[in-house]
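Chemist: Take a look at this one; I'll ask things after.
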Amino acid sequence: MRMSNLLMPTLREVPAEAEIASHQLMLRAGLIRKLAAGVYSYLPLGLRTLQKVQNIIREEMDRAGAQELLMSALLPAEAYQASGRWEVFGPSMFRLKDRGDRDFCLGPTHEELFTQCVIDNVKSYKEYPMTLYQIQTKYRDEARPRFGIIRSREFIMKDAYSFDLDEKGLDESYQKMYDAYKRIFTRLGLDFTIVDADSGAMGGSGSQEFMVKSPVGEDGIAYCDDCGYAANYEKCECIPTKVMQISGDLPMEKIHTPNAHTIEELVEFLGVSAENFAKTIIYKADDKYIAAMVRGDRDVNEVKLKNLVGCTDDLELAEPGVVTEITNAKVGFAGPVNLGIPVYADKEVAMMQNFVVGANETDMHFKNVNIDRDFEADVVADIRVVVTGDECPKCGGKIKSEQGIEVGHIFKLGTKYSDALGLKYLDENGKQNTVIMGCYGIGVTRCLAAAVEQLHDDNGIMWPVSIAPYQAIVVPANYKNEEQAAEAEKLYEALNAAGVETIIDDRKERAGVKFKDADLIGIPVRVVVGKRVGEGIVEYKERTMDKAIEISLDEAVSKVVQFINENK
């Protein structure tokens, strides 16, 4: 490819809309362009990289024995209604009606449709096991699309579904996908961690996420260096910790706490630590209201709480007016004593003594409160967010935490969808059984952003060879110089003939501009044909090198080919 013919609208300034490095650099390098909030077009360089990610995924999925097909992105409502997820997805699902007033959606995920495909087309137990996959565009109406293609409303996903006769078969299929995912993300050049995860709306008994560590990640990773345990915040079990508190059977006492709405304000007002308070937070869970209690220095893990309560729709904080109606007080003074709605208390709250809670009266709190004596919790369970320094639930060591970007997620679905849609088989004895399913997703477009987040410097992207839009670039420092241009053209042709995907910067731009663009778009290796070409000398620079080195023109092709082959 010739740079003079390439649609590559690079930007010198950082776009104001872009908050994180991957979004900034993908816009600046001319890989993507925004059409609407959370909706992007992929320009030639971005599309080439995207296609390479897809090809790696296809190769490894095929190697694992999966078969590719392609479903529609426009899906009828019936299958989702049968599984109950037409309601579960709520406002995140793009819904529409056809001219016959029939309900459709733009597919957010395809479990139901793959299940129906097998129902319609597989007639004998002898055809199992099988794993089917597609690389398809998905649509979710995110409330806050952000970070470019990390959280967008239209994105490309690889989703696969395994179908087995029994749990043992599911375990085998799951392991094949687990191994395939490790190969995929390794080939993509990503530094990833595998963590235990919450299955969420997908359902199922077990799941793991493949997370790329990044400070801009929206997911928390809890891990232990001592034993290798790793889980996301939503799944990580919190071992309750007892802290020193006032002991003895002290009477509950109401105290005046004017304008002390928050834990921080109470700590300052009363002069005691946050560990001596219990927060009571009111939530709307489907069509009812509940209270969640955690220690004052803790936060509620809303995913754990949602799963515990068994919400169909999203769990959300109650509106201030509703809180006032329930507690007879302004927000910030809710407490469990005589509250009148179900109370879900964290395990640490059950260990506390003589603690402080809201009194359900504005500017008032209770002190010396004890569970069971002064109030009863309907449920005591782990509902808090893990923090650095917590005890590891596996070995007792210390938990560490980082942020991460989820790029892959694998689930053991069991019979959730096969039961809902009636996917059965007759075994060799004529007995009817339910097919066991697994689900395996990769955020294809998100992988691009995750790679850029991990692999960039101040000058631009640093693509790994495996997914770079082009593997090498030949830069004649002065294309107007006939000798430089001629030798650069010969080198360009030779590299392409050797199987190296090469671009030549034949623009009549200054050398500095060409170097900046090569670094910005992240080409892995650059060969500069400059003033010493008459002596048979060119400059060779890998994108990760601090400085270029001089090599002979004769060895340029072999050196580039060697680098590419060693880093594919």
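Chemist: Take the conditions under 20 Å from the mean Cα position of the chain (by Cα), open to solvent by 20 Å² or more (accessible area, probe 1.4 Å) and more than 30 Å from Ala350 (Cα to Cα) and apply them to Leu455. Does it pass?
Modeler: Judged against the criteria, Leu455 is a match.
Chemist: Could you grab me the full set of residues in segment 1-19 that are assigned to a loop (DSSP other than H, G, I, E, B) and touching a strand residue (DSSP E or B) at 6+ places or on another chain (Cβ under 9 Å)?
Modeler: Correct list: Met1, Leu6, Pro9, Pro15, Glu17, Glu19.
Chemist: Please find, among Asp378, Asp313, Asp374, the residue that is modelled with pLDDT under 95 and either open to solvent by 30 Å² or more (accessible area, probe 1.4 Å) or farther than 30 Å from Gln403 by Cβ (or both).
Modeler: Asp313
Chemist: On to the next question. Filter segment 412-435 for residues that are aliphatic (A, V, I, L, M) and part of a strand (DSSP E or B); which is most open to solvent (accessible area, probe 1.4 Å)?
Modeler: Once the filter is applied, the top-ranked residue is Leu426.
Chemist: Next question, about the same structure. When you look at Gly438, is it in a loop (DSSP other than H, G, I, E, B), open to solvent by less than 60 Å² (accessible area, probe 1.4 Å) and within 30 Å of Asp120 (Cα to Cα), yes or no?
Modeler: Taking the combined requirement at face value, the residue does not satisfy it.
Chemist: For residues that are open to solvent by 80 Å² or more (accessible area, probe 1.4 Å) and of a type outside the set (A, V, I, L, M), tally how many sit in segment 55-109.
Modeler: Counting residues in segment 55-109 that are open to solvent by 80 Å² or more (accessible area, probe 1.4 Å) and of a type outside the set (A, V, I, L, M) gives 14.
Chemist: Has segment 160-167 got at least one residue that is assigned to a strand (DSSP E or B), within 23 Å of Arg63 (Cα to Cα), under 18 Å from the mean Cα position of the chain (by Cα) and modelled with pLDDT of 90 or more?
Modeler: yes
Chemist: Restricting to segment 504-559, name every residue that is within 23 Å of Thr49 (Cα to Cα), open to solvent by 10 Å² or more (accessible area, probe 1.4 Å) and under 35 Å from the mean Cα position of the chain (by Cα).
Modeler: Within segment 504-559, Phe515, Lys516, Asp519, Arg526, Lys541, Glu542, Arg543, Thr544, Met545 meet the criteria.
Chemist: Considering only segment 458-493, state which residues are touching a residue at least 40 places away in the same chain (Cβ under 8 Å) and of a type in the set (Asp, Glu).
Modeler: Listed by number, the residues that qualify are Glu483, Glu487.
Chemist: From the list Tyr440, Tyr470, Tyr425, which one is closer than 30 Å to Asp554 by Cα, in contact with a strand residue (DSSP E or B) (Cβ under 7 Å, 6 or more places away or on another chain) and not basic (Lys, Arg)?
Modeler: Selected residue: Tyr470, the only one of Tyr440, Tyr470, Tyr425 that is closer than 30 Å to Asp554 by Cα, in contact with a strand residue (DSSP E or B) (Cβ under 7 Å, 6 or more places away or on another chain) and not basic (Lys, Arg).
Chemist: Which condition number does Thr186 fail, the rest of (1) within 28 Å of Gly396 (Cα to Cα); (2) open to solvent by 60 Å² or more (accessible area, probe 1.4 Å); (3) outside any loop (DSSP other than H, G, I, E, B); (4) of a type in the set (Val, Ile, Thr) being met?
Modeler: Exception for Thr186: condition (1).
Chemist: Taking segment 452-493 as the search range and keeping residues that are assigned to a loop (DSSP other than H, G, I, E, B) and of a type in the set (Phe, Trp, Tyr), which one is nearest to Met26 (Cα to Cα)?
Modeler: Only one residue fits best here, namely Trp463.
Chemist: Another question about this same structure. Those residues that are acidic (Asp, Glu), open to solvent by 70 Å² or more (accessible area, probe 1.4 Å) and under 19 Å from Lys559 (Cβ atoms), I need them from segment 474-498; list them, please.
Modeler: Passing the criteria: only Glu493.
Chemist: Still on this structure, please answer the following. Kindly check whether there is at least one residue in segment 323-333 that is touching a residue at least 60 places away in the same chain (Cβ under 8 Å), open to solvent by less than 10 Å² (accessible area, probe 1.4 Å), touching a helix residue (DSSP H, G or I) at 6+ places or on another chain (Cβ under 9 Å) and over 22 Å from Glu253 (Cβ atoms).
Modeler: The answer is no; no qualifying residue exists.
Chemist: Residues of segment 28-54 being of a type in the set (A, V, I, L, M, F, W, C), assigned to a helix (DSSP H, G or I) and open to solvent by 10 Å² or more (accessible area, probe 1.4 Å), which ones?
Modeler: Selection gives Leu47 alone.
Here is a yes/no grid of residues against (1) under 19 Å from Gly389 (Cβ atoms); (2) of a type outside the set (Asp, Glu); (3) in contact (Cβ under 8 Å) with a residue 60 or more places away in the chain:
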{"residue": "Glu209", "(1), (2), (3)": "no, no, yes"}
{"residue": "Val212", "(1), (2), (3)": "no, yes, yes"}
{"residue": "Ile221", "(1), (2), (3)": "yes, yes, yes"}
{"residue": "Tyr233", "(1), (2), (3)": "yes, yes, yes"}
{"residue": "Met244", "(1), (2), (3)": "yes, yes, no"}
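Chemist: Considering only segment 110-139, state which residues are more than 21 Å from Ala66 (Cβ to Cβ) and surrounded by fewer than 18 Cβ atoms within 10 Å (Cβ to Cβ).
Modeler: Residues satisfying the conditions do not exist here.
Chemist: Check Ile549, Ile503 and return the single one that is within 15 Å of Arg2 (Cα to Cα) and touching a strand residue (DSSP E or B) at 6+ places or on another chain (Cβ under 7 Å).
Modeler: The conditions single out Ile503.
Chemist: With Arg2, Arg28 as the choices, which residue is more than 24 Å from Arg153 (Cα to Cα) and out of contact with any Lys or Arg (no Cβ under 6 Å at 6 or more places or on another chain)?
Modeler: On inspection, the qualifying residue turns out to be Arg2.
The values are calculated or read from the model by the stated rules, or taken from the named source; none is laboratory data. Everything numeric here is computed off the predicted structure, so don't read it as measured data. Note that we place each Cβ from the backbone using ideal geometry, even for glycine, and neighbour counts take in every protein chain shown. The area values use the complete protein model at the heavy-atom level, side chains included, leaving out ligands, DNA and RNA. Shrake-Rupley method; radii C 1.70, N 1.55, O 1.52, S 1.80 Å.
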